[in-house]
Amino acid sequence: MNDQNTIKIDFLSKRRIALVVSAILLIISIGSLATQGLKKGIDFTGGTLVELSFVEAVELDTLRSLLTTAGFEGAVVQHFGSSKEVLIRLLPSKALNTAALSNKVLDLVNSKYGQPGELRRAEFVGPQVGEELTEDGGLALLYALICILIYVTFRFEYRFALGSVAALGHDVIITLGFFSVFQFEFDLTVLAAILAVIGYSLNDTIVVFDRVRENFRKLRNFTPTEVVNISLNQTLTRTIMTSLTTLLVLLALFFLGGEIIHDFALALIVGVVVGTYSSVYVASPITLALGISKADLVIVKVDQDELDKIP
Amino acid sequence: MMNHFPVWKNLLIALTLVVAVIYALPNLYGDDPSVQISPLRGAVINSSLLADVREDLKAKGISAVKEELSDKQILLRFKDTNDQLKSADIIKDNLSNNYVVALNLAPATPQWLRSLNAEPMYLGLDLRGGVHFLLEVDMEAAEKQSINRNASDIRQFLRENKLRYLSVVISHNTINIKFRSQDIHDKAVEELTRQFRTWEFNPSDESASTPVLVASMSAKELKEVRKYALQQNIITLKNRVNELGVAEPVIQQQGDNRIVVELPGIQDTARAKEILGATATLEYHLVDVKHSASAAQAGRVPLGSKLYNRRDGGVALLKKQIIVTGNEIIGASSGIDSDAGSAMVSVTLDGPGGKKMSNITRNNIGKPMAVVFIEHRTETKIVNGEKVRYKTVVEEVINVATIRGHFSNRFQTTGLDNSGEARDLALLLRAGALAAPIDIVEERTVGPSLGQDNIDKGFNSVLIGFALVLVFMAVYYKTFGLFADIALATNLVFIIAILSLLQATLTLPGIAGIVLTVGMAVDANVLIFERIKEELKNGNSPQASIHAGYEKAFSTIADANITTLIAAIILFGFGTGPIKGFAITLSIGILTSMFTAIIGTRALVNLTYGNRQVDKLKI
C-alpha cells in the first residue's frame, strides 16, 4: 500500500500552467476557425478532382496555363505524392458543373500536353451532396458527444461525464484548429479521423476515471486532489504505453499508407497527442473543479462492500 | 487450482481459432483472371454453349485453365490477363448479343473452402478500381410530366362528355379549369371525380366572373409518381449496365430520389457515362403483312415499310407509320390474364395516345402490331487520332401481338410465354416511356493502377505497424509481451475472418481501421499487465497477482471499449461510403480484441504459469 500513496509526479500542481496552455491553444484554434476556417475538400464544397499520373516529371506552370487557356478558370494544380503525379481541382461552377468535366480535363491533357496522362482517380461531388455531407458530419459529431455524455453519466457520475465531454470538445477543437492553422485539406476521411479521436481520447479518459473512482472508495484519508493525483500516477505507464503503440501504427500509416490516408493519419496523430494530454490535464481538473468528492461515489458501493464483509 | 482454465474452455478457444483460420484462409489465394459469360433476355447457358466457346478459343490457340458451368453463368479462368483479354474479344465476336461477356477477377478459393462458404473479403472500388456514381432523379420534372399528361387527359375527357369548358391551364402544381356556368362546373366535378380517382377537385378560392375548378394531385398519387419515376430509371439503368459487360454491378436505390451505380473494374468511364446517359423510347407500328420479311431481307424493302431486327432473333417488316410513341405511355405492368390464365402486360396510354390507338385498332382487328425499342446514344470513338462524337440509334422489335379488338388508352398484351417474359416486356415498355431526367451528382473513379497501389500501401502499413507493435510489446513486457503479440496476431485473423464471413466491403479507410485497431488492441493487455505489475509490487504472490490483474482490469477495459464502440457505431450510422468502411473494421476490431486480449492471453498465461509453483513472472 505504501507505494501507492507516494506521489511521483505532482500533475495537478501544474494544472494552472496547463490551463494557460489549453486556453492559448483553444484561442488560436477558434480564432483560426473563425477567420480563415477549414480548407474543405471537394467532399464538402462540391467540385471536381482529377488525379493523373505521368511517365516523366510534370511542370505545373505549363499544365496550369494549359487549363486556364482551355477555360478551366481557377483550376488548382499541384503535385501529389511525387513530381510525376498531379492533382487537379476544380471548384463547382454553374457552367461546368457536370460529371463530364473530369473526362474533359483528361481529354485536354492527353491531346494538348506534351505527354499523355493516366487517370488515377476522378471525383465529382455535386454542391448539394457536399452540403448534405457537411450537415451529416456535424450531426455525427454532435450525436457521438451526446451518447457518450449519457453513457458516462450512467456508468460514473455527471461530473465525470462533463469532464470527459469537455476534454473531447477540447481535443476536437484543437485538432480542427490544427487543420485550419496549417490549411491542411479537410475531407471525409479527416472527419472520420476526428470521430476516431473522440473514441480514442475518451478511452484514455475513462481509464483514468475508472482509477479515480476505485481510489475514492479505497483511499480514505486523502483529499480529492490527492486521490486524482495518485490515480493519474498509477495509470501513467499505461497511458504512455498505449499512446506509444497507437502512435507507432499511425506513423506507419502516415509514412507508408499513401497520399489518401496521409491526412487521415495526421489528424489522428494530432488527436492522440492532444487526447493523451487532455485526459490528464483537462478531464480530471474539470471534474475536480466541479467539486467531485468521496461522497458522490462511495454511498451505494460501500454499503454493498460492507455488507459483503459481514460473515 | 489458481489460474487454470478447464479443458473445455481451452478447447473452445482452440476451436474458435480454427474456425477463424478457415474463414480467413481464402484471402491468401488471390484471384484468377477470368471471363464471365451470363445470359440476357432468356438466352440459355448449357454445356453445348461451353463446348462452342471452347472450340472457338482452341482455334486461336488459347485454352482456359478451368471452366465452371452453372445455370446462371459460365466462368473461364485463365493463366494470365493476356489470355483473358484475348479470349474475351474472341468470345464477344462469336456469341450473339444475348450474352454479356465480362472480365472478372474470380477468387481462386479452393473447392473444399468454397464448400464451407468461405470466401475472400469483398474489395471496395478504391482497392479494385472502378466507378461509383450517385444519380439523382429530377422529381420536379417527373411531376410536371405527370401533370401535363393529366391536363390533356382532362381536356379530352371533358370534350368527350360534352362538358364545355373555357380553358384548361396548368399553373404550378395544379390544373385550373374554367367553365362558362356553375351548372357545367358542378356536373364536371361529379364526372371528373369519378374518372380521375387519384386527383382532387376543389372550387377556386379566388372570386372570378366565371367558375374555376382547381385540380390537384393527391398526396398519395404524388408519392406514386415519384416512386414510379425512380423505378423506371433503375430499370433503364439495369438494362444499360448489362451492355457494359461488368462482372458485379451494383444498382441500388438510395433515399427517395437517388440511385447508386457501382461498376467495378470499368476503365473507360467516358463510355460508361455515355451509356448510362442514353435516352430510350419506343414506338408501336403495324406489321406489314402484305409483303414477306424474307424478301425484304434479300433487299426488296417495300415503300412505306422498314425492316427491323427482333430482339429474340430474326427480323420483322413493319409499316413506317407510328401509332403511338413511348412518350404517350403512362404505365405498364405485368400480371396474369384471368380468362386464359397466361401471362400478360397491361398498358395505359395518355389521352392523345389512346385516341390514335383507337383510330388504328378500329380498322385493323386481327392484324399484328409490333413494339420497337429505340435507344439513342452519343458515343465517342477515336478516328485517325481525333475524338469524334457521333450519335447511334439502336432499334429492336421487342414484341409482336395480334390486335384482338378495338381499344383506346387501356389494353393488354396477352399470350406471353411466362411471367418472366411479361415482366421483361413491362420493364422495357416503362423504360421506353418518357422518363424523368437523371443527373450524376457524385462520381468517384479509381483507376486500376491506383487500386493496386492502395492495396500494396495499405498492406504495407498494416504489416509495418503490426511488426513495430509486436517488437515494442515483446521488449517491454518480455514473456507477457509475447502473449500479447500472439493475441494481436490472432486478433488480425479474427478481423479478416469476420470481414470475409460478413462479405463486408473492405476499403482503404477500412484498412486504416484495422491498423488503428492493432494499435489500440494492445491497450487491454497493457492495462492488465500494468495491474499485474502493481499487484506484484504490493507484495502479492505471482499467481494471486495474475488473478487480481485480470479481474481488476476487466471493468476498465469494458468501459473504455464500449465508449469507443459507441463512437464507431455512430460513425457507421451517419457516415457514407468511406466512413462506413472505417467504422465497420473498427467495430469488429474492438469486439474481437476484447476476446483475444482478455480470454486469449489468459489462456496462454494459464497454460504457462497456471497450476504450479511460480517464483517470478517475466513481465
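For this structure, a couple of remarks:
Residue-by-condition table, conditions (1) of a type outside the set (S, T, N, Q); (2) touching a Lys or Arg at 6+ places or on another chain (Cβ under 8 Å); (3) closer than 30 Å to A:Phe209 by Cβ:
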| position | (1), (2), (3) |
| --- | --- |
| A:Ile88 | yes, no, no |
| A:Leu91 | yes, no, no |
| A:Pro127 | yes, no, no |
| A:Glu131 | yes, no, no |
| A:Gly137 | yes, no, yes |
| A:Ile148 | yes, no, yes |
| A:Ala166 | yes, no, yes |
| A:Asp171 | yes, no, yes |
| A:Asp187 | yes, yes, no |
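- Flag for A:Ala192 being within 8 Å of another protein chain (Cβ to nearest Cβ), in a helix (DSSP H, G or I) and small (Gly, Ala, Ser): yes
- Taking the criterion of being surrounded by 23 or more Cβ atoms within 10 Å (Cβ to Cβ) and of a type in the set (A, V, I, L, M), the residues of the range B:471-486 that qualify are B:Met473, B:Ala484.
- Any hit, the range A:81-89, residues being within 11 Å of another protein chain (Cβ to nearest Cβ) and either at pLDDT 85 or above or under 35 Å from the mean Cα position of the chain (by Cα) (or both): yes
- When the residues of the range B:394-425 are filtered to those that are at pLDDT below 80 and either of a type in the set (A, V, I, L, M, F, W, C) or touching a Lys or Arg at 6+ places or on another chain (Cβ under 6 Å) (or both), the one that is farthest from B:Asn239 (Cα to Cα) is B:Leu416.
- Some residue of the range B:252-268 being of a type in the set (Val, Ile, Thr), outside the structural domain of B:Lys320 (by TED's automatic domain parsing), out of contact with any His (no Cβ under 8 Å at 6 or more places or on another chain) and closer than 25 Å to B:Phe133 by Cβ: yes
- When residues of the range A:258-287 are limited to those that are in contact with a strand residue (DSSP E or B) (Cβ under 9 Å, 6 or more places away or on another chain) and over 28 Å from A:Leu149 (Cβ atoms), the one farthest from the other protein chains (Cβ to nearest Cβ): A:Asp263
- Whichever residue in the range A:103-132 is assigned to a helix (DSSP H, G or I) and within 7 Å of chain B (Cβ to nearest Cβ) and, among such residues, is farthest from the chain's Cα centre (by Cα): A:Asp107
- Every test in (1) surrounded by fewer than 15 Cβ atoms within 10 Å (Cβ to Cβ); (2) assigned to a loop (DSSP other than H, G, I, E, B); (3) not assigned by TED's automatic domain parsing to the domain that holds B:Ser34 is passed by B:Trp112 save one, and that test is (2).
- Qualifying residue in the range A:69-79 (condition: over 27 Å from the mean Cα position of the chain (by Cα), within 14 Å of chain B (Cβ to nearest Cβ), polar (S, T, N, Q) and surrounded by fewer than 16 Cβ atoms within 10 Å (Cβ to Cβ)): no
- Among the residues listed as A:Thr153, A:Thr175, the single one being more than 9 Å from chain B (Cβ to nearest Cβ) and free of Cβ contacts under 8 Å to residues at least 24 places away in the same chain: A:Thr153
- Out of A:Arg217, A:Arg159, A:Arg211, sole residue that is within 19 Å of B:Asn561 (Cβ to Cβ) and surrounded by fewer than 24 Cβ atoms within 10 Å (Cβ to Cβ): A:Arg211
- A residue that is among the acidic types (Asp, Glu), at pLDDT below 85 and in the same structural domain as B:Ala188 (by TED's automatic domain parsing) occurs nowhere in the range B:121-133.
- When the range B:161-192 is filtered for residues that are part of a helix (DSSP H, G or I) and surrounded by 13 or more Cβ atoms within 10 Å (Cβ to Cβ), the ones remaining, listed by number, are B:Ile184, B:His185, B:Asp186, B:Lys187, B:Ala188, B:Val189, B:Glu191, B:Leu192.
- Where strands (runs of 3 or more DSSP E) fall wholly inside the range B:293-350, the ranges with 1 or more residues that are closer than 17 Å to B:Gly420 by Cα and either modelled with pLDDT of 85 or more or touching a helix residue (DSSP H, G or I) at 6+ places or on another chain (Cβ under 8 Å) (or both) are B:329-336, B:343-349.
Conditions (1) hydrophobic (A, V, I, L, M, F, W, C); (2) more than 24 Å from the chain's Cα centre (by Cα); (3) over 22 Å from B:Gly451 (Cβ atoms); (4) away from chain A (no Cβ under 14 Å), marked per residue:
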site: B:Leu237; (1), (2), (3), (4): yes, no, yes, yes
site: B:Asn242; (1), (2), (3), (4): no, no, yes, yes
site: B:Gln254; (1), (2), (3), (4): no, no, yes, no
site: B:Asp268; (1), (2), (3), (4): no, no, no, no
site: B:Ser292; (1), (2), (3), (4): no, yes, yes, yes
site: B:Gln297; (1), (2), (3), (4): no, yes, yes, yes
site: B:Pro302; (1), (2), (3), (4): no, yes, yes, yes
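- Against the test of being crowded, with 20+ Cβ neighbours inside 10 Å, within 51 Å of the chain's Cα centre (by Cα) and closer than 21 Å to B:Asn491 by Cα, the options B:Ile562, B:Ile590 yield a single qualifying residue, B:Ile590.
Quick grid of which residues meet (1) touching a residue at least 24 places away in the same chain (Cβ under 8 Å); (2) under 26 Å from A:Leu247 (Cβ atoms); (3) out of contact with any helix residue (DSSP H, G or I) (no Cβ under 9 Å at 6 or more places or on another chain):
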site: B:Glu534; (1), (2), (3): no, yes, no
site: B:Asn538; (1), (2), (3): no, no, no
site: B:Ile566; (1), (2), (3): no, yes, no
site: B:Ile570; (1), (2), (3): no, yes, no
site: B:Ile599; (1), (2), (3): yes, no, no
site: B:Leu604; (1), (2), (3): yes, no, no
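- Residue in the range B:64-76 that is surrounded by 14 or more Cβ atoms within 10 Å (Cβ to Cβ) and among the small types (Gly, Ala, Ser) present: yes
- Identity of the residue in the range A:198-257, assigned to a loop (DSSP other than H, G, I, E, B) and of a type outside the set (S, T, N, Q), that ends up nearest to the other protein chains (Cβ to nearest Cβ): A:Gly257
- Breaking point among (1) without any contact (Cβ under 8 Å) to a residue 60 or more places away in the chain; (2) in contact with a strand residue (DSSP E or B) (Cβ under 7 Å, 6 or more places away or on another chain); (3) among the aliphatic types (A, V, I, L, M); (4) part of a helix (DSSP H, G or I), for B:Leu76: (4)
- Residue match in the range B:487-499 (condition: within 12 Å of chain A (Cβ to nearest Cβ), in contact (Cβ under 8 Å) with a residue 60 or more places away in the chain and surrounded by 24 or more Cβ atoms within 10 Å (Cβ to Cβ)): yes
- Taken across the range A:276-293, residues that are crowded, with 23+ Cβ neighbours inside 10 Å, assigned to a loop (DSSP other than H, G, I, E, B) and touching a residue at least 40 places away in the same chain (Cβ under 8 Å) do occur, with at least one present.
- Only residues that are facing chain B (nearest Cβ under 7 Å), crowded, with 16+ Cβ neighbours inside 10 Å and under 12 Å from A:Leu191 (Cβ atoms) were counted in the range A:137-150, giving 2.
- Checking the range B:24-31 against the condition returns a match, with at least one residue being modelled with pLDDT under 85, out of contact with any Leu (no Cβ under 6 Å at 6 or more places or on another chain) and surrounded by fewer than 17 Cβ atoms within 10 Å (Cβ to Cβ).
The values are calculated or read from the model by the stated rules, or taken from the named source; none is laboratory data. Treat the numbers as computed from the prediction; the structure is a model and nothing was measured. No Cβ is skipped: glycine too gets one built from the backbone with ideal geometry, and neighbour counts run over all protein chains shown.
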